[in-house]
Amino acid sequence: MHTENELHDYLYRSGHNLSLAAIDYIRQSWINPSRMVGAHAQSNVISFVPSRKLNGKTYSTESRSPERSFLTLCEFDDDVICALDQPDPIQIQQTIKNGIKRWAGYTPDALILTRNGPKVVEVKASTEVDDFLVSKAEDWKRYESGEIVFEPARKAFAEMGLEHVVYVYSQEDRFLVENLDQLLLSRTHETELVLDEERLTKLMHNAFAMTLHDLREKLKLKDMTPLIHAIDRGLLAADLKQHRLADCRNCLVSLNEDMLEHAIELRNKQRVYWDGLSEHSDLTLIPTLEAAEKAITRLDKIKSERSSRSIRRWKHQLRIGQENNLTEFQSLIPMIHLRGNRNRKIPAVVDELLMEFLMGTYIHEQGLSIYRGYMRYKSLALDTHPQFRPVSRQTFTTRLEQIPGEVIGEARGGKRKRNAMGAPTDPEKRGLKASIPWQRAAIDHYLADIYLVVFTRTGEVYVERPWVTAMVDLATSKILGLSISFSSPSRRSVAKVMRDCVRRHGKLPREIIVDRGPDFKSVYLASFMAHYGLILSLRPSGYPQFGGEMEGFFGEFVKQWLCQRPGNLADYKEVRSVDGSKAPKKAAILQPVDFYQELWAFCEWRENKCRGTGANSIEVAFMEGAELYPFYAKSINYDSEFITVTAVETKKYSFSYQRGINIKNTWYYSPALRKLNGRKKKVDVRLDPENPNLIFARVEDKWEPCYSSSINAYSAKCAVHQLVEGMIKHEAFGLREKISEQHDLELARKIRELDEFKEQTKTTPVLEVPIPEGEPDNTENLFSQLANATVRPINIQQWSA
């Protein structure tokens, strides 16, 4: 559904007999979402996904697994005309803990328009639904058919004339959702490869079933696109719930589902692991090595026909075990793990004071060691309950360790510290990681631990630390783009790394995941991603674990390369312990050009070295994956449209008819600016993030390029020097202004010193040299006469011309 007319036809002419309230609700949802997702998200990755059924408009999802999966299913389902996110909230009657009904606001997750009528949808994970069925049993019901119903919302929307349903996401659907997403993506990719269907059928008849990798090699196809299209059209059968199309070496395909099912059954008999295979086991059935040795020793003693009190007790254990269907070995396993008195031994008043001190005082004190904390507790305990001794330091430490790390972290360092000290999530419930190049990339910034030379003069060097912005492919860890800057992270940094990626590869990744910094939450980045139909995802704020790939790259750069370069700050503790004359600032010799070239030299070395457990280097894995699945990358030409879109819009600037537009002491002009004469005094401007000699000015309904007088010389320079020139002129402008101000202060100081000297002397020194009468002797050196000269001051009353 793309237009208002199509929506009007759906509401009034499709035979759904919608009420006026339902029509108004749908129209309001069509106009715009009711709220911005992720405002209160704690651990969710929110995404803005272009929807094919909405003609490229973005659909915002509040979680990667449930809501993102629901959107994929809607995009793939032909019965769903379109899905609208975040409809308007309504009032529903919910049941609170004491059983009382209370009115509360409720915002559903989606509104879908289907061929059978509109539906309001609540999206939940299966684990969350299972919890609600117990904790909120009055409102959440499971019918005999298995359908989950949220009764308050169902009743409220029924009065409006709309159906409310609950979509339950299960972890078992993760492969299906990934495969459907890949099928949808492949539909947008046109390939020149032609699939020989007759040869394909012949091969599959002979082989019964085959992996995608083997089939591609036998058909001599360059990539997987024709085979993915064949699965999408039904020409090939694949188990989309158990296998991954992204794993071509393990994904079986056949001509029909029956043959495929038998092939999968045969292959699965040899598998080492499958979902649900490993579960917890009781120590009474599977003992430790020590307990097993003791059980075997007991069996040997029983069989020796000797008699003792212990042997009689073990024989009694055998009889009890036989009644419980246990083997002789299992019956004699010692219950070592049940030893010990687990009842509390310290008095209640002592225990209460200990926990009150730990939770109320100790965990809030930053930098307080365990020993000092124990001393403070001991002093408090001796005064509070003198009749009981304080607990030992060991007990104090044990009870402290029993407090969850996230509780201590939040008390001492807020949300970010809490997340860093929290326990990891269940690996079985995590989402699938990116496995194909260009599927997903991350962008982040890093203040480099090195000083670069910005400006030099006789006997003095001015240095500054650069910011590095990197784009990393999350499937292979390849660096897709880099930029350096002397400015703090901003929209300009994002634009530069996007441009670098397009220049090097002619592509951008399908999805880019970033943190929630102001540069990434800007309208600029959101509009750029929407313009090219790319997915923008924001990871949770204050969760350092979510940026591990980026931090890993920056850490490698510091530890493996930067620590060996002059002017580095890699060992910060060492830096603080050295003399000022040996400080990194004094050792800086690298220019920005050198640093940029060395940064890429490190990336090339890193991507071809042996690392991890993989059989291929980063570069080989990236090239092979990108060739097999070419439809993930978004092809983009580095042309006029792209550089205009990536230019950063800024404030309005004054316009001079005689000279043009002045920005940071540089004049920009274009003949098109003549159209603004007498009409506007200020003009909208987009700054090129890299080229200091180019801006775009809004003239009528177009962005016109305006150039400085240095544009011709700039075009003749190499790429690295072009980038660095822009970095120095634009991003180091503020720093250079400070340096220039220092030099102006030096000039003012010199003039003041001369004025003070003049005030002190009030005279002008005159050199007196005796000159003999008559003809001068040419043999005598004139300069030798100066040795006996005297200096006599004379008073100057007035200068006149």
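Would you pick out the residues in the stretch 80-111 that are outside any loop (DSSP other than H, G, I, E, B), surrounded by fewer than 22 Cβ atoms within 10 Å (Cβ to Cβ) and touching a Pro at 6+ places or on another chain (Cβ under 9 Å)? Can you show your working first?
As a first pass, look at the stretch 80-111 and keep what is outside any loop (DSSP other than H, G, I, E, B): 80-85, 90-95, 101-106, 110-111.
Within this subset, residues satisfying the condition of being surrounded by fewer than 22 Cβ atoms within 10 Å (Cβ to Cβ) are 80-81, 90-95, 101-106.
Across the stretch 80-111, the qualifying residues are I90, I92, Q93, Q94, T95, K101, A104, G105, Y106.
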Within the stretch 455-510, residues among the hydrophobic types (A, V, I, L, M, F, W, C) and in contact with a Lys or Arg (Cβ under 6 Å, 6 or more places away or on another chain) come out as V463, L474, L508
Can you confirm whether R233 is charged (D, E, K, R), within 18 Å of L185 (Cβ to Cβ) and touching a Cys at 6+ places or on another chain (Cβ under 9 Å)? no
Just for helices (runs of 4 or more DSSP H) wholly inside the stretch 195-278: which have at least 2 residues that are closer than 27 Å to A621 by Cα? 212-219, 225-233
So A621, is it part of a helix (DSSP H, G or I) and either over 28 Å from W605 (Cα atoms) or touching a strand residue (DSSP E or B) at 6+ places or on another chain (Cβ under 7 Å) (or both): no
Scanning the stretch 511-537 for residues that are modelled with pLDDT of 90 or more and within 16 Å of T61 (Cα to Cα) gives E511, I512, I513, V514, A526, M529, A530, G533, L534, I535, L536, S537
Residues being outside any strand (DSSP E or B) and either surrounded by 14 or more Cβ atoms within 10 Å (Cβ to Cβ) or in contact (Cβ under 8 Å) with a residue 60 or more places away in the chain (or both) - total across the stretch 134-152: 4
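Just checking, does the stretch 504-515 include any residue being in a helix (DSSP H, G or I) and touching a residue at least 40 places away in the same chain (Cβ under 8 Å)?
Scanning the stretch 504-515 turns up at least one residue that is in a helix (DSSP H, G or I) and touching a residue at least 40 places away in the same chain (Cβ under 8 Å).
Just to be sure before I move on: is I363 surrounded by 15 or more Cβ atoms within 10 Å (Cβ to Cβ) and either in contact (Cβ under 8 Å) with a residue 24 or more places away in the chain or not aliphatic (A, V, I, L, M) (or both) in the structure I sent?
yes
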If you scan the stretch 693-706, which residues turn out to be modelled with pLDDT of 90 or more and in a loop (DSSP other than H, G, I, E, B)? N693
Sole residue being touching a Pro at 6+ places or on another chain (Cβ under 6 Å) and surrounded by fewer than 24 Cβ atoms within 10 Å (Cβ to Cβ), chosen from A448, A441: A448
Tell me, which residue of the stretch 634-687 that is in contact with a helix residue (DSSP H, G or I) (Cβ under 7 Å, 6 or more places away or on another chain) and assigned to a loop (DSSP other than H, G, I, E, B) is nearest to I512 (Cα to Cα)? I636
For S709, which of the numbered conditions (1) assigned to a loop (DSSP other than H, G, I, E, B); (2) more than 23 Å from S656 (Cβ to Cβ); (3) at pLDDT 75 or above fails to hold? (2)
What do you reckon, is K478 basic (K, R), on the phi < 0 side of the Ramachandran plot and in contact with a Phe, Trp or Tyr (Cβ under 6 Å, 6 or more places away or on another chain)? yes
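Results for (1) part of a strand (DSSP E or B); (2) within 30 Å of E746 (Cβ to Cβ); (3) at pLDDT 80 or above; (4) not aromatic (F, W, Y), shown as yes or no for each residue.
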site	(1), (2), (3), (4)
E410	no, no, yes, yes
K415	no, no, no, yes
G431	no, no, yes, yes
A434	no, no, yes, yes
Q439	no, no, yes, yes
I443	yes, no, yes, yes
Y446	yes, no, yes, no
Y462	yes, yes, no, no
V468	yes, no, yes, yes
Residue tally, condition in a helix (DSSP H, G or I) and loosely packed, with under 12 Cβ neighbours inside 10 Å, over the stretch 13-33: 3
Any chance V120 is of a type in the set (V, I, T), over 27 Å from the mean Cα position of the chain (by Cα) and either assigned to a strand (DSSP E or B) or not assigned by TED's automatic domain parsing to the domain that holds N17 (or both): yes
Scanning the stretch 385-397 for residues that are surrounded by fewer than 16 Cβ atoms within 10 Å (Cβ to Cβ) and assigned to a helix (DSSP H, G or I), the one nearest to the chain's Cα centre (by Cα) turns out to be T397
Out of R298, R313, which single residue is at pLDDT 85 or above, touching a Leu at 6+ places or on another chain (Cβ under 9 Å) and not β-branched (V, I, T)? R298
Looking at (1) surrounded by 22 or more Cβ atoms within 10 Å (Cβ to Cβ); (2) within 17 Å of the chain's Cα centre (by Cα); (3) in contact (Cβ under 8 Å) with a residue 60 or more places away in the chain, which is the one condition that is false for S435? (1)
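Each row is one residue, and each column tells you yes or no for (1) crowded, with 21+ Cβ neighbours inside 10 Å; (2) within 17 Å of the chain's Cα centre (by Cα); (3) in the same structural domain as G625 (by TED's automatic domain parsing).
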residue	(1), (2), (3)
T456	no, no, yes
M471	yes, yes, yes
T476	yes, yes, yes
D515	yes, yes, yes
K521	no, yes, yes
A530	no, no, yes
S541	no, yes, yes
G547	no, yes, yes
G552	no, yes, yes
Going through the stretch 177-194 one residue at a time, which ones are among the charged types (D, E, K, R) and part of a helix (DSSP H, G or I)? E178, D181, R187
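The values are calculated or read from the model by the stated rules, or taken from the named source; none is laboratory data. Everything quoted here is computed from the prediction, not taken from an experiment. Here the Cβ is made from the backbone with ideal geometry for all residues, glycine too, and neighbour counts use every protein chain on show.
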